[in-house]
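One structure is given here, and the rest of the page talks about it.
Coordinate-derived values only; no laboratory data. It should be emphasised that the depicted structure is a prediction, and the values quoted were computed from it without experimental measurement. Glycine also receives a Cβ, built like all others from the backbone with ideal geometry; neighbour counts cover every protein chain displayed.
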Amino acid sequence: MEIKPTILVVDDELGARQSLEVILEEDYRMLSVESGKEALEILQREPVNLILLDVNMPDMDGLEVLRRIRAQDEEMDVIMVSALNLARKAVDAIRLGAYDYITKPYEPEDILSAVHRVINKQKLQRELDFLRREVQTVRGFDQIISQNKKMLEIFELIKKVAYTSTNILITGESGTGKELVARSIHRQGNRKSGPFVAINCAAIPSELMESEMFGHERGAFTGAHTRTIGKFEHANGGTLFLDEISTLRTDLQAKLLRVLQEREIERIGSNRPIKVDIRVIAATNTNLENVVTQGKFRQDLYFRLNVVPVSIPPLRERKEDIPLLAKHFLNKFNISFNKKIPGFSEKALDALSRYHWPGNIRELENLIERITVLFPGDDKIDLENIPIEILMSSGPGGGDFDKPQTGLIKLREEFEKRVMLNVLEATRWNQTEAAKILRMNRSFFIKKARDLGIFFKAV
């Protein structure tokens, strides 16, 4: 369940305290005291989000209480409440740091509106603080989080090339963050005020690619009813990112090479050259040298694009980043889905770290989103919340299921043994916990394990 924000009411009149509690108790956890002294004491031991403070009280007036609250916690939000509509009192309260000032008699809507504004402001401030922490974590590189040695070397390379117009070729498996690196290069350099335009060469039909890149004039071909500006012109003064460059048609490779050499384009249906000032960053998840050798990619274009190569390691080679990224994505989705999941257990992080992540960072992000959406409570994410396919593949394996087996029964036994071994390894051989994760009776689990030749070890 979502934890309600806590509001402390400070008023010497019992009726006033009860009235505020009735108005607010549906959405908030309510505390109430009748004096400033009690309020200061309760703040020492209770976490409070907002204080509703009466101005006129016998032992210590509200302004003095406000001074002491601000001295004790200068971030505490306080709304002053008074039966006296005195402008000077209101001004003094605001100067002392009160968030707002409400006079009695008040309508319930006035109280609810003022309180909601404060609580929403606090939520936005928490989100802003989170984003600021994330920016600091990535050492100034937008959204790139890593403590891996190879990635830190890439960060340093980005700093060196960002203020040049040199073409860059980024290589790496799908999901490793090639576009993220490209955007960081753009934002770190002197073209950051210009546009960043991305083209996924694999996603656009080949017959439309030339128009997508260079644009066309009206009437240039059937269906060309208006002039269209291409991505090269849109990127003028900025950066053009060509993702999956290896899939580009051979004839368009020749045109791209000419653009890189001459720094000018021609729209389809026009022979008028248009000068463009762009930096080109290309990316591929294939070995482009092999594609060149196969005659499917121009060698001269490869050399023109590959002035500065950047190779992003897959996530399985960045094991130290997995807990860091998992926590980052959990924080992100906690905010998106209004959850308050505090983190991961050590066993859960260990299981995630031992998985091989064929889909790399994108797969990890999608998994954490899925876990966050389905997570039932406010405890830490544990092994039972990790999908079985992750646990099955994250430990020391049993059989190789890509190889032919001698029979269906043996295949099933090998599969069951592998799953049980991996879950046992993930739970540090805790039989009760492993049986729970696999939804099996403990006695049956132990018998099944022995039948499969699994002998329990002391831990």
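One equal scatterer on each Cα of the stretch 325-451, no solvent, Debye formula: the resulting log10 I(q)/I(0) at q = 0.13, 0.14, 0.18 Å⁻¹ is -0.58, -0.66, -0.98.
Here the spin labels are modelled as points 7 Å beyond Cα on the Cα-Cβ line, and at residue 21 and residue 229 they lie 6.4 nm apart. Database remark: amide H of residue 198 closer than 5 angstrom to the amide H of 241 (H placed geometrically; neighbours at sequence offset of 5 or more, or on other chains; Pro and chain starts carry no H). What angle, in degrees between 0 and 90 and rounded to the nearest 10, separates the Cα long axis of helix 108-137 from the longest principal axis of the Cα atoms of the chain? Once rounded, the angle reads 40 degrees.
Under 5 Å from the amide H of residue 9 lie the amide H atoms of 31, 32, 33, 52, each residue being 5 or more positions distant or on a separate chain, with H modelled from the backbone and absent for Pro and chain starts. If you wrap the Cα atoms of the stretch 287-356 in a convex hull and average its projected area over all directions, you get 7.5 nm².
When the square roots of the Cα gyration tensor eigenvalues are ordered a ≥ b ≥ c, the ratio a/c for the chain is 1.5 or more and a/b does not exceed b/c, which makes its shape oblate. Bridgeable lysines around residue 104 (alpha carbons under 27 Å apart, same-chain partners fewer than 8 residues away excluded): 4, 37, 89, 121. For residue 278, the residues whose amide H sits under 5 Å from its own are 237, ignoring neighbours fewer than 5 places away on the same chain, with H placed 1.01 Å from N. Across all Cα atoms of the stretch 193-271, the radius of gyration (one decimal) and Dmax (whole number) stand at 12.3, 37 Å. Cross-link partners among lysines for residue 436, C-alpha distance below 27 Å, same-chain residues fewer than 8 apart left out? Hits, sequence-local ones excluded: 327, 339, 340, 347, 380, 410, 417, 447, 448, 457. Here the simple spin-label model places points 7 Å from the Cα toward Cβ, and for residue 73 and residue 38 these points are separated by 1.8 nm. Listed from fewest to most Cβ neighbours within 10 Å, the set 206, 211 follows the order 206, 211.
Three principal axis extents describe the C-alpha atoms of the stretch 246-345; from largest down they are 61, 32, 21 Å.
Length gain on complete extension for the stretch residue 430 to residue 200, per 0.36 nm per residue less the alpha carbon to alpha carbon distance? Don't jump to the answer; show the numbers that get you there.
Working: separation 230, 0.36 × 230 = 82.80 nm, distance 4.76 nm.
Net length gain for the segment: 78.0 nm.
Note: the stretch 6-133, Cα convex hull, 107 Å³ per residue.
How would you rank 181, 292, going from fewest to most other Cβ atoms within 10 Å of each one's own Cβ? Don't skip to the answer; put the middle values down first.
On the way: 181 26, 292 17.
Starting with the residue having the fewest Cβ neighbours, the order is 292, 181.
Please list, in order, the residues from the stretch 321-347 whose amide nitrogen is less than 17 Å from a point placed 7 Å along the Cα→Cβ vector of residue 379. From the stretch 321-347, the list is 340-347.
Given the chain, what percent of its DSSP beta bridges are antiparallel, to the nearest 5? The answer is about 10 percent antiparallel. Across the stretch 199-209, coupling constants 3J(HN,Hα) worked out from phi with the 6.51/-1.76/1.60 Karplus curve, θ = phi - 60°, read 10, 8, 5, 7, 8, 9, x, 4, 6, 9, 5 Hz, and Gly and Pro carry x.
For the stretch 149-313, go through all pairs of different Cα atoms, get the mean of 1/r, take its inverse, and jot down that Kirkwood value in Å. Don't skip to the end; give the middle numbers.
On the way: mean 1/r = 0.0614 Å⁻¹.
Kirkwood radius, the stretch 149-313: 16.3 Å.
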